[in-house]
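The values are calculated or read from the model by the stated rules, or taken from the named source; none is laboratory data. All values reported here derive from a predicted model rather than from experimental measurement. Because the Cβ atoms are built from the backbone with ideal geometry, glycine has one as well, and the counts that use them run over all protein chains shown.
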Amino acid sequence: MPRTRSKRKRPSATAPASRAFKGLVAVLAILAVVGVASVRFLQTTRGGVFLVDHGVESAYPRIQTDIGIALKHSLEASGLRRRIRVHDAGGAGKPVRWDIPCDESTDLLLVNVALTGAVRLAGARVRRAEQIDGGRTLVFNVGTNTRDTHRITIRRLAPHVAAEALRRAPPLPRVAIVIDDFGYTKGGVPAEIIALPMPLTVSILPELRASQAVYREARQAHRCVMLHLPMEPAEPAREDFEVVRTAMSDAEIRSLVGEYMESLPGVDGVNNHQGSLATTDARVMDAVCATLKPYGVFFLDSLTSPKSVAYNAAVAAGMRSASNSLFLDDATDRREDVEDRIRELIRLAKAHGSAIGIGHPHPWTLEALRESTGAFERAGVELVTVCELMDASPSATPQETP
């Protein structure tokens, strides 16, 4: 019986092509991951330092701002931040120059160590750290490997000389920016705003699905945090929470406000969400402030109505209080409009000594904040939180109601 030959299976012509395609996909995936990682690195201060050292001048203002924030955080711990006197605000590629008078009790060695740690953690380089004048003056220069972003001189002076130095150079005008309406979602734009390397104040709506998660995230980021208290608007709107209404009794107002305060225990302050009707009612605001006073919080009048009595009610209750100066992103979805309003906020701070702006977690607001990080220092204005503004403010006085 003749033997049959087994037919050998011929390799498919498409097999090499399939393997090549899979290999190409794998390479592209690796390149995509590397690309994303590279972009993220270049967005950090360390990445910005790398860019500046390789001739990318456009990265200099961003890292100057980032390094400045790190330095101010470190100086806050030693009580020196509010003693900063700006001799040169930088800009146009020039380093910022700070002079900081302090008294005899300041340990410059400890300040040096703290500043050095903060600078290295931020991804920058200490270019000079030297005590001169018999150890009474610390010269501290910071920047990249090739150039300075900040030149700081901290001088120990006799008490009367330090006081005179502070008197001659008054503090910078101050701007505080509040971002309202946190609590609907976590992650995304809200998380990116909380992570911005600038002192912002976060205001969280109570008892929403993400309120607690955002509160924890904001606290971990050492943010100044406020309760965004829902209050009745002049034009009723459907909300996801109960609002403080003018039809409520004082007892009902106290119960609701207390419930909301307990839902976010330990907030630093409160500002009103909506409330163009409720904030114009003196009885309602007296009940609100009487409830808030024992918590030791401050009150920021969002000023959603020109007839608001909220600020005066808070002052009358013995609370630290302030009013919103400007809404940053009302009736717009353009980053350029928000940037224009930030410039207006800076102008108001220069005219009045301080100003507070309120924005919301919109993508265009996030973009405008990123673009404006260096604008404050270049304008000779200090960006602070509302917590810092309230701590530094003298006792408030009632305002005339329009």
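The residues of segment 219-233 include none that are modelled with pLDDT of 95 or more and in a helix (DSSP H, G or I). The requirement of being acidic (Asp, Glu), assigned to a helix (DSSP H, G or I) and within 25 Å of the chain's Cα centre (by Cα) is fulfilled nowhere in segment 89-104; no residue meets it.
Where helices (runs of 4 or more DSSP H) sit wholly within segment 291-402, those with at least 1 residues that are under 18 Å from the mean Cα position of the chain (by Cα) and among the aromatic types (Phe, Trp, Tyr) occupy 363-371, 375-378.
The criterion of being modelled with pLDDT of 95 or more, closer than 22 Å to Phe182 by Cβ and of a type in the set (Val, Ile, Thr) does not hold for Thr373. Scoring Phe140 on the criteria (1) assigned by TED's automatic domain parsing to the domain that holds Val113; (2) more than 23 Å from Val113 (Cα to Cα); (3) free of Cβ contacts under 8 Å to residues at least 60 places away in the same chain leaves a single failure, condition (2). Whether a residue is out of contact with any helix residue (DSSP H, G or I) (no Cβ under 8 Å at 6 or more places or on another chain), in the same structural domain as Leu345 (by TED's automatic domain parsing) and free of Cβ contacts under 8 Å to residues at least 40 places away in the same chain was assessed, and Arg283 does not pass this test.
Annotation: of all residues in segment 288-336 being at positive phi and surrounded by fewer than 20 Cβ atoms within 10 Å (Cβ to Cβ), the one that is modelled with the lowest pLDDT is Ala331.
Residues in segment 245-257 that are more than 18 Å from Val297 (Cα to Cα) and either assigned to a strand (DSSP E or B) or of a type in the set (D, E, K, R) (or both): Arg245, Asp250, Glu252.
Filtering Val56, Val52 for residues that are touching a helix residue (DSSP H, G or I) at 6+ places or on another chain (Cβ under 7 Å), of a type in the set (Val, Ile, Thr) and modelled with pLDDT of 85 or more leaves a single hit, Val52.
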